[in-house]
Amino acid sequence: MNGITILSTGRYLPEDCIANEDFTKYVETSDEWIRTRTGIATRHFANGEPTWYMGAMAAKAAMEQGKIQPEEIDMVLVSCCTPDYLTPSMACMIQRELGLNHAHCIDINSACSGFAYGLDMARRYLNCGDDIETVLLVSTERLSQMIDFTDRSTCVLLGDGAGSVIVRRRENALYAFSGGAIGESGAALNAKHPRYESPFGKLETRKEYYEFPEVREKFLYMDGREVYRFSTKVFPELLRICCGKLGIGVSDLDHIIPHQANYRIVDTALKVLGMEPEEKEKVFLNLDKYGNTGSASIPIALDEMNEQGLLKRGDKVAVAGFGGGLTYAGVVFEW
């Protein structure tokens, strides 16, 4: 089996750090209310930094850590649901910023599952020919631009940031992927792009198309209960399926890095898996510091773990993302 190896990691967090108490100026809430329901204490918000810039800085950090030169990057994959432009892509903007002129550039939007999907896409490109040897995978999100600061159920959850990894092919390496989507439940987590109408449109003859029953132009809408049910179901399923493909158990994993959405979601999923208290130490969480940074949450966590020396070559690592779409994806691989 041909898998992947992660050569290096990087992250970028905006300088502005927003504490729970800061939200009391806008909504009726408290530090205790937010902590007990989400596990979040602080998060970072961009203050002028574009989404592409955060991604470029995370990518630059990974390149510097791995001593990777611009001409070595054959492909830039960017996971993002909050792009600065409809075109050019965030991948093209990062290519421009870092001088990665040799690289193919592709954006993907699988919301909070994006990093796991991107990791699997990188593996498939790396293993389908000899023209792509090194992939830069970046997840960058400026979720603060989606926030309705009058909605206390969502405004306290999100943060901005970017994470990146540099990936190469690895022969005879542990690797398994599982993913999917439930498009019929997409209304549970949506943020509609502003619509711009042609001057030639005729309202009296225009066909009516399906719209989600709950839509807030530009702002995020979330059905918390539905998202909780979905997340606590698919997260443990992803781990079981990936481990099953490899003939190992979840208990054989050395590290589990879930999408950093909400402490209660992760805790419930671990109970579903039947993990013993001592096994929970395998699960890395940093959402208390950064909140939910969408698809960037897993690579940010990987970079922190790498920085702390927690990841050793040969470790069995699982990542699992779940979110808007509704989408879900997981990968088990060898560090």
Quiz item: What number of residues within the stretch 146-172 are touching a Ser or Thr at 6+ places or on another chain (Cβ under 9 Å) and closer than 29 Å to S8 by Cβ?
Solution: 13
Quiz item: Within the stretch 297-325, how many residues are closer than 23 Å to G244 by Cβ and in a helix (DSSP H, G or I)?
Solution: 1
Quiz item: Any residue in the stretch 301-312 that is touching a Lys or Arg at 6+ places or on another chain (Cβ under 6 Å) and in contact (Cβ under 8 Å) with a residue 24 or more places away in the chain?
Solution: yes
Exercise. Please go through the stretch 276-311 and pick out each residue that is more than 22 Å from D160 (Cα to Cα), among the charged types (D, E, K, R) and open to solvent by 60 Å² or more (accessible area, probe 1.4 Å).
Key: E276, E278, K280, E281
Exercise. Could you list, in sequence order, all residues of the stretch 233-256 that are outside any helix (DSSP H, G or I), β-branched (V, I, T) and within 24 Å of the chain's Cα centre (by Cα)?
Key: I256
Exercise. Under 7 Å between Cβ atoms, at least 6 apart or on separate chains: pull out the pairs that start in the stretch 219-230 with a residue that is within 10 Å of T154 (Cα to Cα) and outside any helix (DSSP H, G or I) and end on any residue that is open to solvent by 40 Å² or more (accessible area, probe 1.4 Å) and of a type outside the set (A, V, I, L, M, F, W, C).
Key: Y221/E214
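Tally up the residues in the stretch 27-48 that are within 25 Å of Y12 (Cβ to Cβ) and open to solvent by 60 Å² or more (accessible area, probe 1.4 Å), please.
2
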Quiz item: So how many residues does the stretch 76-97 have that are out of contact with any helix residue (DSSP H, G or I) (no Cβ under 6 Å at 6 or more places or on another chain), over 30 Å from S231 (Cβ atoms) and hydrophobic (A, V, I, L, M, F, W, C)?
Solution: 1
Quiz item: When the stretch 157-190 is examined, which residues are found to be aliphatic (A, V, I, L, M), assigned to a strand (DSSP E or B) and open to solvent by 40 Å² or more (accessible area, probe 1.4 Å)?
Solution: A181
Quiz item: What are the residue pairs meeting all of these: first residue in the stretch 182-201, first residue more than 16 Å from N109 (Cβ to Cβ), second residue modelled with pLDDT of 80 or more and part of a helix (DSSP H, G or I), Cβ atoms under 6 Å, and 6 or more apart or on different chains?
Solution: A188/E226; A188/V227
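In the stretch 137-154, what residues are crowded, with 24+ Cβ neighbours inside 10 Å and hydrophobic (A, V, I, L, M, F, W, C)?
L137, V138, L143
The values are calculated or read from the model by the stated rules, or taken from the named source; none is laboratory data. Predicted model only: the values in this text are computed from it and were never measured. Reconstructed Cβ throughout: ideal geometry from the backbone, glycine too, with neighbour counts over all protein chains shown. Protein only, heavy atoms only, side chains kept; ligands, DNA and RNA dropped before computing areas. Shrake-Rupley method; radii C 1.70, N 1.55, O 1.52, S 1.80 Å.
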